[in-house]
Structures are given as structure tokens and as C-alpha cells.
Amino acid sequence: VGTMYLFDHFMCFKSKNSSVTQEIKWILAWQHALSFQKKASVLGMVENAILINTVVGEFWVVVTKREETLELIEKLWKEAIAYIKKTQISNRDSTRLCTNGWTKEIALFENEKYQEEQRNRVKLWNDYFERYGNMPIAILCPAMNQLVKDGIPDVYRGKMWQILSGSIHKLESKPNYYKGLLRRKPTEEVQDEIDKDIRRSLPDHPHYQTEEALESLRNILSAYSVRAPNIGYCQAMNVVGATLLLYMSEEEAFWLLCTICEDIAPDYYCKKLIGSI
């Protein structure tokens, strides 16, 4: 029992707190849905169910006023799909892991104990996805909290950071926004601060020995300063951005940086924070 919310770019559900059942939440971006249809009954008892078929499987929900709800769902879904086709947005799955690791910790990645820990974590997460749904439509429940506390395996960090923070939904709801920001330039003062700091960002990491990687970092920091001129650029944003880029694409890292600065730690970064000297 809970509440379903319908938006232009996604639908979501949050169950009510209960001493009998565990709280669950899920979010489904419209482009990950394949179809919505009436389900005659569930287990021969439950009526008014809607079967939702997605790119990673199917599940059903029971609603009141099924006809009206299904009509609204299909309307929003078709409008979203039409918009996606118009803007030529494809499903993004560019999250990758930079497995080189820190130059000072290469031995850690080659260590059999570390690899065994990673394999065990991946198995636990795969068991969760098999039971509660796979990315990016995994159902979030208390079992997920414990998995996160025990550690997200390297190969899932990029995607799970986006899902758990909600940044993935910002990315999917604002196509081409990031590209638009890149066409605009920050102030000369802000650009100078960024250029000073990017080579200080994880300087021992092999990934940041290339100009291409440094340019990606410059891009997300410059784009954010244009998006939030009241903040601009603050020292230490570079380290956060550099870490994100090890696990995800440039655009994904930009949206997660936005989420960190604006939702997770609002007011932490501000112009009063002294930049590099």
C-alpha cells in the first residue's frame, strides 16, 4: 500500500510505513518502459492490476480507478517516447570503471584477497537485483541499505551512485542541457580558478595523465559554474568531479556533481569558500 506519482519524465512509487511490511520505493523513467496493460487478476484474488513491462522485466501494481490511471500513464508515456525520438536520445549505459586504480595502490587491485571481496560483493548485489529488479529500475528497500553500508562493488559504483542520488533522473529528464552549457563560457576569473586546479586533481592517478581526461574534468566544472553562477567554482569541486569521472561518463558526472552540490550538500559550496591561491 502506498502512493504512485506520475511526472512528465518518469513514474515512481513509495509505500506507506507499516509494522507488517517493509518500505519500498521505485522509479521508472518512461523510456525504460515497453508497455502498460490491464491484468485480469493477480493470484485469482487481486483486481484492478496494471502489468508494467520494462527493459529489465515486468511487474504489476494495483490501483484505484484503473481505467483513468492507465489512460494517464499511457498518455505521459507516449508523450515522453515521442519527445525522446524527436531529440534522438538513446538509453545511456556509458558507465564504466577505471580499473587502473591509484598508482600507489596498484597492488590492491592485483591482490587476490581484494578481488575475492569484490566477487563476493558482486554476488550479493546480483542476488538483490534478481529478487528486486535490475538497474536502472531496481526497487529500493531496507536490504539495499545494508548492501550500501557493506560497500558497493567497483563495477556497480557509477550506476548505483546515480540511482541512489537521483541524478540519473535529472540526466534523463533534461537531454541536451549539458551540451548547451558547454557552448557557454564561465567568467574569466572562474575559468582561471578551474585551470589552476585541474592538474591538482588526483595527480597520481594514471587516468589523469592524459589531456583528454583533464579536458573532461574542465568541462564539467566549467558547465557547473555556468549553471550556478551564484556558486561558480569552489576549491575541492575538482577532486569530487575527478572521482566521479573514474566511474561514469562526462555528462553523468556533471549531473551527479549538480546533485551533490544542490541536493545532498546544499550550501556547502559557496563563494565564501576560499579558492586556490
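The values are calculated or read from the model by the stated rules, or taken from the named source; none is laboratory data. Quick caveat, the model's predicted, so the values are computed rather than measured. Every residue, glycine as well, gets a Cβ built from its backbone with ideal geometry; the counts of neighbours run over all protein chains shown. Surface accessibility is based on the protein's heavy atoms, side chains included, excluding ligands, DNA and RNA. Shrake-Rupley method; radii C 1.70, N 1.55, O 1.52, S 1.80 Å.
Just checking, which of LYS179, LYS159 is under 21 Å from ALA265 (Cα atoms) and open to solvent by 10 Å² or more (accessible area, probe 1.4 Å)?
On the way: LYS179 fails: under 21 Å from ALA265 (Cα atoms).
Result of the check over LYS179, LYS159: LYS159.
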### Message
For the range 238-253, give me each residue that is in contact (Cβ under 8 Å) with a residue 40 or more places away in the chain and within 18 Å of GLU193 (Cβ to Cβ).
### Response
ASN238, GLY241, ALA242
### Query
Is it the case that the range 75-95 has a residue that's under 23 Å from ILE168 (Cα atoms), modelled with pLDDT of 85 or more, open to solvent by less than 60 Å² (accessible area, probe 1.4 Å) and in contact with a strand residue (DSSP E or B) (Cβ under 7 Å, 6 or more places away or on another chain)?
yes
### Query
Does the range 258-276 include one or more residues that are at pLDDT 95 or above, open to solvent by less than 10 Å² (accessible area, probe 1.4 Å) and assigned to a helix (DSSP H, G or I)?
yes
### Task
For the range 38-60, indicate whether the set of residues that are at pLDDT below 85, surrounded by 10 or more Cβ atoms within 10 Å (Cβ to Cβ), acidic (Asp, Glu) and more than 19 Å from TYR132 (Cα to Cα) is non-empty.
yes
### Message
Out of everything in the range 122-152 that is open to solvent by less than 40 Å² (accessible area, probe 1.4 Å) and at pLDDT 90 or above, what residue ends up being farthest from the chain's Cα centre (by Cα)?
### Response
VAL122
### Task
Scan the range 1-37 for residues that are modelled with pLDDT of 70 or more, surrounded by 10 or more Cβ atoms within 10 Å (Cβ to Cβ) and touching a strand residue (DSSP E or B) at 6+ places or on another chain (Cβ under 8 Å) and report the count.
24
#### Entry: Every residue from the range 215-238 that is out of contact with any Leu (no Cβ under 7 Å at 6 or more places or on another chain) and not charged (D, E, K, R)
LEU221, SER222, SER225, ALA228, PRO229, ASN230, ILE231, GLY232, ALA236
## Note on the structure
For the range 220-244 the number of residues that are over 17 Å from LYS179 (Cα atoms) and of a type in the set (A, V, I, L, M, F, W, C) is 8
### Message
When you check THR64 against the structure, is it hydroxyl-bearing (Ser, Thr, Tyr), modelled with pLDDT of 75 or more and outside any helix (DSSP H, G or I), yes or no?
### Response
yes
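Kindly indicate which of TYR224, TYR247, TYR233 is in contact with a Lys or Arg (Cβ under 7 Å, 6 or more places away or on another chain) and crowded, with 22+ Cβ neighbours inside 10 Å. Please lay out each step first, then the result.
Working: TYR224 fails: in contact with a Lys or Arg (Cβ under 7 Å, 6 or more places away or on another chain); TYR233 fails: in contact with a Lys or Arg (Cβ under 7 Å, 6 or more places away or on another chain).
Checking each option against the conditions leaves just TYR247.
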### Summary
Only one of (1) over 22 Å from MET160 (Cα atoms); (2) in contact with a Cys (Cβ under 6 Å, 6 or more places away or on another chain) does not apply to ILE194, and that is (2)
### Message
Return the residues of the range 187-229 that are assigned to a helix (DSSP H, G or I), among the small types (Gly, Ala, Ser) and more than 14 Å from GLU250 (Cβ to Cβ); say none if nothing qualifies.
### Response
SER225
### Query
With SER201, SER222 as the choices, which residue is modelled with pLDDT of 95 or more and either within 20 Å of TYR269 (Cβ to Cβ) or not aliphatic (A, V, I, L, M) (or both)?
SER222
